[in-house]
Amino acid sequence: MTEFKEGAFLGIPQLDGDPDVVVMSVPYELTTSYGQGTCHGPIATISASAQVELYDPLLPNDLPCGFSIHTAKPWDGSGNTLQEQLDGISRYVASFESGFPIILGGEHGMLPAIIRAVSERVDLQELTIVQIDAHADLREHLNGDPDSHACAARRTLELGVNKILQIGIRAISREEVEFAESDERVDLWLARDILNPCGGEEHWKSWLSTLSSLNGPVWLTLDIDGLNPAYAPTTGTPVPGGLAYWQIVDTIETISLNKSINWIGADINEIVPDPNNHVTEFTAAMLATKITAAFLARKLEGLQ
């Protein structure tokens, strides 16, 4: 395994005072069911970010564009049981009272713990989660484990979340389909519909229109396997037929342009670095940079 260097996100020096953006690392990996290595994803992504250009067309100047970006020390991984670790993740996220959080993971099983921390700041009954993913993560349990990464969205709904919008889904069980059809809080945009040469454009327009019509608090959760494996070849459970990189960028920018929402944070998860091919962590670093720029553009417009 390559030794990734600890450092600041994008190589940007840390400033005193309250940050505008705080980049957190959650190297959590206890329930992965196929490929391993997501615990190395955060540090690899931050290391890769040093190679990312600081220009973004949404901003008048290069990042940090006069703002403060803080790279937090990683979650320490403490806890003798799975539940103790999830509780520790919640405390870690909640400990940062200022700054827009961008959380790097780590397996997607961390999502309910993150949302529990977020509940201290927003009413979950008003919260919409935008989920980019190959999997719906709506199982009741996987191999008897209700806290598996395959159950993350369902456990999050049980916390009282108002709505989950899912796009890129293409590996889904009958149980999850039936649950989504019966629960009005779940809206699915399947990858086969979005990417279908016959009619896919209309589904894509529907997705962007839905994002543009949102209001209230919004959280973006981005499982890197939502992308086509060409952009993220090393992840816990790669699935063919995923979204294009620019579709993810369009999604992020559409959220950013919505004047009716309060964008409260984002996470990027299931990042598995490859010492011989850095595409996955570099893609994650590029998308974390895009999220950073999109949020700061909102601040410049007075939307946050």
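Summary of values
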item	result
Cleavage-rule hits (trypsin sites (Lys or Arg not before Pro)) in the range 110-218: DSSP loop, at most 15 neighbouring Cβ within 10 angstrom	R121, R185
Histogram of C-alpha separations across the range 138-184, 5 Å bin width, %	5, 20, 32, 29, 12, 1
Per DSSP, loop trypsin sites (Lys or Arg not before Pro) in the range 259-304 with at most 16 further Cβ within 10 Å	K259
Given charges at beta-carbon only (K, R positive; D, E negative), |dipole| of the range 9-300 in Debye	400 debye
Highest average packing first - 61-74, 227-240, Cβ atoms within 10 Å	227-240, 61-74
Selection from G79, A50, A294 lying farthest towards where the dipole of the chain points positive, charges on Cβ	A294
Pairs of lysine residues in the range 9-300 - Cα separation under 22 Å, sequence separation of 8 or more or cross-chain	8
Distance in nm between pseudo-label sites at D76 and N277 (7 Å out along the Cβ direction from Cα)	3.8 nm
Phi to ³J(HN,Hα) by Karplus 6.51 cos²θ - 1.76 cosθ + 1.60 over the range 294-303, Hz, x for Gly, Pro	5, 5, 5, 4, 5, 5, 5, 8, x, 8
The chain - convex hull of alpha carbons, volume per residue in Å³	125 Å³
Rg/Rh for the range 51-168, where both radii come from Cα atoms and Rh is the Kirkwood radius	1.01
Positive-pole candidate from T235, V218, A180, dipole of the range 175-301, charges at beta carbon	V218
Structure-based [θ]222 nm, the chain - -39500 (n - 2.57) summed over DSSP H runs of at least 4, per residue, nearest 500	-9500 deg cm²/dmol
In Hz, Karplus ³J(HN,Hα) per residue of the range 232-249 (6.51, -1.76, 1.60; θ = phi - 60°; x = Gly, Pro)	9, x, 10, 8, x, 9, x, 9, x, x, x, 6, 7, 4, 6, 5, 5, 4
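Here, each number is a calculation from the coordinates, and none is a lab measurement. If you're wondering where the values come from, they're calculated on a predicted model, not measured in any experiment. No Cβ is skipped: glycine too gets one built from the backbone with ideal geometry, and neighbour counts run over all protein chains shown.
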